[in-house]
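Nothing in this text is a laboratory measurement; each read-out follows from the coordinates by a stated rule. The shown structure was predicted, so the numbers you read here are calculated from the model rather than taken from an experiment. Every residue, glycine among them, receives a Cβ derived from its backbone with ideal geometry; neighbour counts consider all protein chains shown.
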Amino acid sequence: MPSVQVRPEVNALTTPQSYSLRFIPRDTLGYDELAAEVVQMHPNYAQEDAKTIIMAAMKRIGVNLTNGNQIVLPDFFTFNLSFSAKLDSPDAPLPPVEEMLNVRAHASRACVEALGQDMQLERLTMIEKAPLVTAAEDTVLGLNDVLHSAGALQLTGSNMLFNQTRADEGCVLEGTRSGSRKQTRFVGIANTEVTILPDIPAQPDPWNNEYRLAVATRYTENGTLRTSIYRRRLRTPLTLTLSGNAGILTDKSTTPHVTVTGGSLSANETVRIQAVLDLHEGSLAFSLLDMQEGGKTGPAVTVTGNGPLTLAGFSDSALSSLSLTVNSFSKLVQMIRNGYSGRVVDVLVVQTA
């Protein structure tokens, strides 16, 4: 027999702290599901007939309540009405019915005892309520995990609502090498969506374009501060020319893991460059991409250590080739494996000299 799942939760307003149990439904059943189970018990009935009877019974309960009757189903449920109203005097006008009406269904003691005799509880691991950021999208480029100073960063998730006027609540952008800034400009703040006009802290070197994002909030006035760090790193676009060396695809390092050393460009263009880790081979595959996920891709070049390589552009790109030097293959592999789930992408704003 399946068990009934319950999860411990903190009672936020009790001192000393205590815990309650929340029922976690395995599934939600409706008329169709109940009718199918009735037919299993009574095969002589058609499922549609069973559904019609169940729906008719529920409707008659509603009609009888409307007519001022109470419905008592022995050993199961009692249905009745109650009213939430505060009158200044016995003969004061009544509020509108829909503002004070409550419909109640009470299980009989016999029903509760019968259910309890057959029920087995399964305690689930306690989950502490905390903000969760599931995605961060730049509204200028329409790309995930890109941090663009000229646009907005749209966060989606759950439990993210915070009070931006409180010093310890809010959203913080932090450079992985240095720099941290609490965000102050918001388009909207809600439980499932927060939109920021980002104020991006500077980092020491141009290739240090990697940032962490954190959201902190309280769920009651005096509740515990809950902080969550977005599981993915954000990266700002890098502006470069092909006439000088420029660091890319790097984290907080004081020297770039990869350097752009040259290429062929007919007009200014914004592209993406990716490095994909093959865990089995221990190699990296580099390629150029257009600005749409699933869009045009240049041919990949696989490398297994430090040294130069040249990438060809994708079709119709103004950037026909890009020359690179891998300066620290091992550090780049470690960065991609530990921080990027096997794939890192930089946005490059490539300009003519």
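Quick notes
- By the rule of a C-alpha distance below 26 Å, with chain neighbours fewer than 8 residues away ignored, the lysines paired with Lys182 are Lys129, Lys252.
- Counting only residues at least eight positions apart within a chain, or on another chain, the lysines with an alpha carbon under 23 Å from that of Lys51 are Lys59.
- Cβ-defined net charge surrounding Thr236, 10 Å radius [Lys, Arg +1; Asp, Glu -1]: -2
- Once divided by 2.2 N^0.38 Å, the Cα radius of gyration of the chain becomes 1.50.
- Charging the Cβ of each Asp and Glu at -1 and of each Lys and Arg at +1, and nothing else, the dipole of region 28-123 about its Cα centre rounds to 180 debye.
- Fully extending the segment from Met58 to Thr304, taken as 0.36 nm per residue of separation minus the present Cα-Cα distance, adds 81.6 nm.
- For region 159-265, Kirkwood radius (reciprocal of mean inverse C-alpha pair distance, Å): 15.7
- Sorted largest first, extent of region 28-123 alpha carbons per principal axis (Å): 57, 35, 25
- Long-range Cα-Cα pairs in region 242-353 (distance over 17 Å), rounded percent: 50
- Charged side chains reduced to their Cβ positions (Lys and Arg at +1, Asp and Glu at -1) give the chain a dipole of some 940 debye around its Cα centre.
- Separation of the Ser320 and Arg181 label points, Cα + 7 Å toward Cβ, nm: 4.0
- Residue (of Ala107, Gly30, Met55) at the positive-pole extreme of region 28-123, dipole from beta-carbon charges: Ala107
- Net charge of Cβ neighbours under 11 Å - reference Ala35; Lys, Arg +1; Asp, Glu -1: -4
- Förster radius 45 Å - calculated FRET efficiency between Thr78 and Glu293 (Cβ-Cβ, nearest 0.05): 0.20
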